[in-house]
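The structure appears below as structure tokens.
The values are calculated or read from the model by the stated rules, or taken from the named source; none is laboratory data. Nothing here was measured: the structure is a model prediction, and the numbers come from that model. So basically every Cβ, Gly included, is an ideal-geometry build from the backbone, and we count neighbours across all protein chains shown. Just so you know, the surface numbers come from the protein's heavy atoms only, side chains and all, with ligands and any DNA or RNA stripped out. Shrake-Rupley method; radii C 1.70, N 1.55, O 1.52, S 1.80 Å.
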Amino acid sequence: MFTAAQGVHVLGEMGQRKATMAPHRVFLSGASAGALLAFACGTVLIANAAPWMQENAPGLIRIIASLVFPYGLVLIMLTGVDLCTASFMVTTLATLQRRIPWWRMLSHWTLTFLGNLAGSLLVAALLLDHGGVFATEPFRSAAISLAVKKQVSPEWYQIFLRGIGCNWLVCLAVYAGVQARDVTGKTVGMWWPVFAFVSLGFDHVVANMTFIPVGIALGAPGLSVGLYIWKGVIPVLLGNIIGGGLFCGCFYWYMYSLEMEELSPMGSILGK
């Protein structure tokens, strides 16, 4: 595997490559990532549909659901498509390493966010809602319950803080994934940080693009599009940017900036 400093170097190269893609390819890459994560969100909702365990062992059923969700990020990383939450780290690193200008970073954030939203809504609407996946009990109640718990119950600032914790862990998963050089190592490295964020109930802006629209479509009480934007997009997005861009991107750039300067004359290390 790559060392920690080499991993930061690789992430910066990744951010440069992704930020300089054609805009339509960035959007399509984001749409694919949103769709793949939506499948994993659907699996989590199915795993949560255990009324007896929700009543008698809520911690255990959350752990079980958390164990299956990471396959979404694994598929995204192995296929090379783009989550905006990962972009908050990799393009920040590319900008700090002076590989790209700041406006390319912001452009990539915007295009991947819009692509993620399009892909998530496509899967949520066509497959999870109109496809009837949650049309019957207990699956319908599980989807509604999770959406209400994520949006109606918490305060705005709580969702914001959960967004920080979430993308701190998600970007650590991406960091660990690029350090490994084989599929098994990448999978294991990514699995546990993602498991951690789901088990802790943190908020991921792209995952919410599936959880909350499905809840709204199923008639979750107290939920609306306006509330989703106010509490499911804005605070989570801001928290995810801080968690990924500041707590991971800026922090690891600062920690390993001197070592990265020694790596720079070597050129790309991706193929080594």
Restricting the search to segment 66-119, which residues are open to solvent by 30 Å² or more (accessible area, probe 1.4 Å) and under 27 Å from Thr184 (Cβ atoms)?
-> Leu67, Val68, Tyr71, Leu75, Met77, Leu78, Thr79, Gly80
Could you pull out the residue among Leu126, Leu122 that is within 19 Å of Ala33 (Cα to Cα), open to solvent by 50 Å² or more (accessible area, probe 1.4 Å) and modelled with pLDDT of 95 or more?
-> Leu122
Check Gly249, Gly215, Gly222 and return the single one that is more than 17 Å from Leu106 (Cα to Cα), open to solvent by less than 30 Å² (accessible area, probe 1.4 Å) and either in contact with a helix residue (DSSP H, G or I) (Cβ under 9 Å, 6 or more places away or on another chain) or not in a helix (DSSP H, G or I) (or both).
-> Gly215
Inside segment 86-201, counting only helices (runs of 4 or more DSSP H) that do not spill past its ends, which hold 3 or more residues that are farther than 30 Å from Ala49 by Cβ and aliphatic (A, V, I, L, M)?
-> 102-122
Criterion violated by Val26 - all others in (1) farther than 21 Å from Phe197 by Cβ; (2) surrounded by fewer than 21 Cβ atoms within 10 Å (Cβ to Cβ); (3) of a type outside the set (Gly, Ala, Ser) satisfied = (2)
Flag if Ala49 is in contact with a Leu (Cβ under 9 Å, 6 or more places away or on another chain) and among the aliphatic types (A, V, I, L, M) = no
